[in-house]
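Chemist: After the structure tokens below, expect a handful of questions from me.
The values are calculated or read from the model by the stated rules, or taken from the named source; none is laboratory data. In this text the structure is predicted, and so the values were computed from the model without any measurement. Positions of Cβ are generated from backbone atoms using ideal geometry, with glycine treated the same way; all protein chains shown enter the neighbour counts.
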Amino acid sequence: MKKGYAAAVAATVAAHFAYLVYVPSGGFLALRWPRTLVVHVPAVAWGVAVVGLELPCPLTWLEAWSRRHADMDPLPAAGFIDRYVAGVLYPTGRTGTAQGFAFAAAAASWVLLAARRSGRR
């Protein structure tokens with residue numbers, strides 16, 4: 001049974017990384033596949049809400065729960081970001097800066113999408 005929980009941890013970590021890649025890049029994907037914007041806008045909105053309102057991330061909760069049941073080491077207090085991302089993809093203590101860049105990339109992609117749409121009219 002513990003293998004199932006360990007698999008849940010791995011799947012949750014993969015989903016978390018996919019989300020962290022999708023937020024800054026999904027709008028650029030929508031330049032090629034415009035219909036994907038209906039997924040990207042809520043993904044960015046959720047990220048802004050989690051960061052701005054300091055909401056708990058359900059993926060972090062699921063990973064912590066699965067780790068506990070798999071008898072794995074717990075996540076640090078700040079969760080997924082502190083365990084896997086901070087100090088690896090950007091310097092420790094710069095999470096806010098990294099989040100700002102991610103949201104700026106999403107906004108830039110939306111500006112490009114709007115410019116492309118207005119150019120077609």
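Chemist: Restricting attention to the stretch 13-56, which residues are more than 30 Å from residue 119 (Cα to Cα) and either of a type in the set (Asp, Glu) or without any contact (Cβ under 8 Å) to a residue 24 or more places away in the chain (or both)?
Modeler: 14, 18, 49, 50, 52, 53, 54, 55, 56
Chemist: What number of residues in the stretch 25-69 are polar (S, T, N, Q) and within 24 Å of residue 4 (Cα to Cα)?
Modeler: 2
Chemist: A further question follows. If only one of 39, 88, 23, 50 is out of contact with any Asp or Glu (no Cβ under 8 Å at 6 or more places or on another chain) and surrounded by 17 or more Cβ atoms within 10 Å (Cβ to Cβ), which one is it?
Modeler: Residue meeting the stated conditions: 23.
Chemist: Would you call residue 97 touching a strand residue (DSSP E or B) at 6+ places or on another chain (Cβ under 9 Å) and surrounded by 11 or more Cβ atoms within 10 Å (Cβ to Cβ)?
Modeler: yes
Chemist: From the list 30, 8, 15, exactly one residue is over 18 Å from residue 101 (Cα atoms), part of a helix (DSSP H, G or I), among the small types (Gly, Ala, Ser) and under 11 Å from the mean Cα position of the chain (by Cα). Which is it?
Modeler: Exactly one of 30, 8, 15 is over 18 Å from residue 101 (Cα atoms), part of a helix (DSSP H, G or I), among the small types (Gly, Ala, Ser) and under 11 Å from the mean Cα position of the chain (by Cα), namely 15.
Chemist: If you don't mind, there's one more thing I want to ask. Kindly evaluate residue 44 against the criterion of being in a helix (DSSP H, G or I), of a type in the set (A, V, I, L, M, F, W, C) and at pLDDT 95 or above.
Modeler: Yes; evaluated as a whole, the condition is true for this residue.
Chemist: For the stretch 53-77, how many residues meet the condition of being out of contact with any Phe, Trp or Tyr (no Cβ under 7 Å at 6 or more places or on another chain), surrounded by 12 or more Cβ atoms within 10 Å (Cβ to Cβ) and small (Gly, Ala, Ser)?
Modeler: Counting residues in the stretch 53-77 that are out of contact with any Phe, Trp or Tyr (no Cβ under 7 Å at 6 or more places or on another chain), surrounded by 12 or more Cβ atoms within 10 Å (Cβ to Cβ) and small (Gly, Ala, Ser) gives 1.
Chemist: Further question on the same structure: Pull up the stretch 83-121, narrow it to residues that are among the polar types (S, T, N, Q) and part of a helix (DSSP H, G or I), then point me to the one that is farthest from the chain's Cα centre (by Cα).
Modeler: Checked the stretch 83-121; the qualifying residue farthest from the chain's Cα centre (by Cα) is 118.
Chemist: What residue, among those in the stretch 49-82 that are among the hydrophobic types (A, V, I, L, M, F, W, C) and assigned to a loop (DSSP other than H, G, I, E, B), is nearest to residue 15 (Cα to Cα)?
Modeler: Among them, the one singled out is 57.
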